[in-house]
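Peer 1: A single structure is presented below for examination.
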Amino acid sequence: MDITKRNHYNPCFWTALWSVTYYEKSIAGAPSDELARKQVVHALNAKSQKIYPTTVERVHFEKNLGIAEISQPAAEDFVRRYHPDQYQQFVSEGATSYPIYIDFENILSGIEATPAYQTLLKVATTQTVDNLIEKSYLASFVVLQNLRSHSIMNSMIDWHEENGYEKFEHLVKLKWMLGDPHFLFRLVHPLVCSRWNLYTSSEHCLPLCDSPILVQPESVMVALSPCLLLDIRSDSPAPEDAMPISQKIDSNMLEEYRLRTIGNTFREIIGEPKQLEAWRATAEFQARCEVMKDIKRYNKMIRAAGNRELWHLNAYGNRR
């Protein structure tokens, strides 16, 4: 069996838009998905502080993120806790051999094939949201992408391990969440009923980090492309069928985006070299790099960044 050893937080067909030539071709008529992984982008590494050209397939990923080993005692304990009515049957039938493995990549690929990500690409290239269906799918993308982000995935896996559970439990619970329309509705609908703004630019001015859903109490930001920023004002209710307000991005919004992006970076930011050079020289990026040098502090920061989402997992798991 082939197991995927390199799991991307951000799908390659999306991050390829940060290649200028690929973006222009996408605007003109969408190139083949097979070319996306090979597109060249520039990355600013938060640990080495270096800026270098690389390909999309070599950024925003982690080795073996979606692979988890399950031992027989761990499997039986999991069934005992979550499906006690099936425990005796599970133990008596058993698996043919242990350990067994989870490969989560097919789940990630399945997510990327949904209308949520198809709508992402449509809006990223047309810079318009045309109806409530597209708005709902784009809100779904925001929720799904946040759940699979570097900060959330790592913090949840770390949280499980600190509490004596194994990595596979998070992957199983995440699969449960993704397959539960009622659970997802409770996350998506508040976004749909918020005020949306689309900020556009004629220049590639929006670098992308590895955890690109930029959540603050008053709003959620995400760069849909290097030229298009979505800002969902969670502190401003609006009718669900209200379409986004489109406007040119200004310096204040760019500065807010810069601060949030640097503050959400765990490994690298991709973007235009000159802009990455300017960001590298800032006090905020230098402070972020200092955090990256200390692995214990780094892991603690990941957990802190993800803690606001952990209650979703805990509450969901307790309902099973």
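The values are calculated or read from the model by the stated rules, or taken from the named source; none is laboratory data. The shown structure was predicted, so the numbers you read here are calculated from the model rather than taken from an experiment. Glycine gets a Cβ as well: all are built from the backbone with ideal geometry, and neighbour counts include every protein chain shown. Note: accessible area is taken over every heavy atom of the protein model, side chains too, but ligands, DNA and RNA are not part of it. Shrake-Rupley method; radii C 1.70, N 1.55, O 1.52, S 1.80 Å.
Peer 1: Measuring from label point to label point, each 7 Å out along Cα→Cβ, what is the SER71 to LYS274 span in nm?
Peer 2: Computed distance between label sites SER71 and LYS274 equals 5.7 nm.
Peer 1: Turning to a different aspect of this structure: Using Cα centres only, tell me the gap between the range 147-197 and the range 230-255 in whole Å.
Peer 2: Between the Cα centre of the range 147-197 and that of the range 230-255, the gap is 25 Å.
Peer 1: Under 13 Å from the Cβ of LEU138, count the other residues' Cβ atoms, weight Lys and Arg +1, Asp and Glu -1, and hand me the total.
Peer 2: -2
Peer 1: Could you compute the FRET efficiency for LEU259 and ASP85, with r as their C-beta to C-beta distance and R0 at 56 Å, rounded to 0.05? Write out the running numbers ahead of the final one.
Peer 2: Details: r = 50 Å, r/R0 = 0.90.
Computed FRET efficiency for LEU259 and ASP85: 0.65.
Peer 1: Next question. Could you state how much accessible area THR54 has, in square angstrom rounded to the nearest 10, with a 1.4 Å probe and all protein chains kept in place?
Peer 2: Approximately 20 Å² of THR54 is accessible to the 1.4 Å probe.
Peer 1: Obtain the nm distance between the two label points defined at ASN131 and GLU290 by a simple spin-label model: each point lies 7 Å from its Cα along the Cα-to-C-beta direction.
Peer 2: The two pseudo-label positions are separated by 5.3 nm.
Peer 1: Here's a follow-up. Cα-Cα over 23 Å: which of LYS47/LYS274; LYS63/LYS274; LYS122/LYS167?
Peer 2: On the way: LYS47/LYS274 19 Å; LYS63/LYS274 29 Å; LYS122/LYS167 35 Å.
Cα-Cα > 23 Å for LYS63/LYS274; LYS122/LYS167; rest within.
Peer 1: At a Förster radius of 56 Å, what calculated FRET efficiency corresponds to the Cβ-Cβ distance of ASP235 and ALA113, to the nearest 0.05? Before the final figure, lay out each step's value.
Peer 2: Values: r = 33 Å, r/R0 = 0.60.
Efficiency at R0 = 56 Å is approximately 0.95.
Peer 1: Further, regarding this structure: Run the accessible area of the chain with a 1.4 Å probe and give the carbon-and-sulfur part as a rounded percent.
Peer 2: Values: 7730 of 14990 Å².
Solvent-exposed carbon and sulfur of the chain make up 52 percent of the total.
Peer 1: Label-point separation (nm) for GLU162 and LYS47, each offset 7 Å from Cα along Cα-to-Cβ?
Peer 2: Reported label-point gap for GLU162 and LYS47 is 2.1 nm.
Peer 1: For PHE61, enumerate residues with amide H under 5 Å from its amide H, sequence gap 5+ or separate chain, H modeled in the peptide plane.
Peer 2: TYR9
Peer 1: Here's a follow-up. Any idea of ARG260's accessible area? Nearest 10 Å², probe 1.4 Å.
Peer 2: Taking all protein chains as shown, ARG260 has close to 20 Å².
Peer 1: Further question: Ordering ILE269, ILE249 from largest to smallest accessible area (1.4 angstrom probe), what's the sequence? Before the final figure, lay out the partial values.
Peer 2: Numbers: ILE269 0, ILE249 30 Å².
The most accessible residue leads, giving ILE249, ILE269.
Peer 1: Still on this model: Starting at the first residue of the range 231-241, write each ³J(HN,Hα) from the Karplus equation 6.51 cos²θ - 1.76 cosθ + 1.60 with θ = phi - 60°, in whole Hz, x for Gly and Pro.
Peer 2: For the range 231-241, the Karplus-derived couplings read 10, 9, 7, 5, 8, 10, x, 8, x, 5, 8 Hz, x marking Gly and Pro.
Peer 1: Kindly provide the Kirkwood hydrodynamic radius of the chain in Å, to one decimal, from all pairs of distinct alpha carbon atoms.
Peer 2: Working: mean 1/r = 0.0483 Å⁻¹.
About 20.7 Å for the chain.
Peer 1: Next question. How much net charge surrounds LYS122 when only the other residues with a Cβ under 11 Å from the Cβ of LYS122 are counted, with Lys and Arg +1 and Asp and Glu -1? Mind dumping the intermediate values first?
Peer 2: Details: positive: none; negative: ASP130, GLU134.
So the environment of LYS122 carries a net charge of -2.
Peer 1: Looking at the chain, send over the antiparallel percent of its DSSP beta bridges, to the nearest 5.
Peer 2: On the way: 33 of 37 bridges.
Antiparallel bridges make up about 90 percent of those DSSP assigns within the chain.
Peer 1: Over the heavy atoms of PHE13, what accessible area does a 1.4 Å probe trace out, to the nearest 10 Å²?
Peer 2: 40
Peer 1: Show that you can apply the helix-only estimate: for the chain, add -39,500 (n - 2.57) for every DSSP H stretch of four or more residues, divide by all residues, and state [θ] at 222 nm to the nearest 500. Display every interim value, and only then the final one.
Peer 2: Values: 14 runs with 162 residues, N = 320.
Using -39500 (n - 2.57) per qualifying helix, the result is -15500 deg cm²/dmol.
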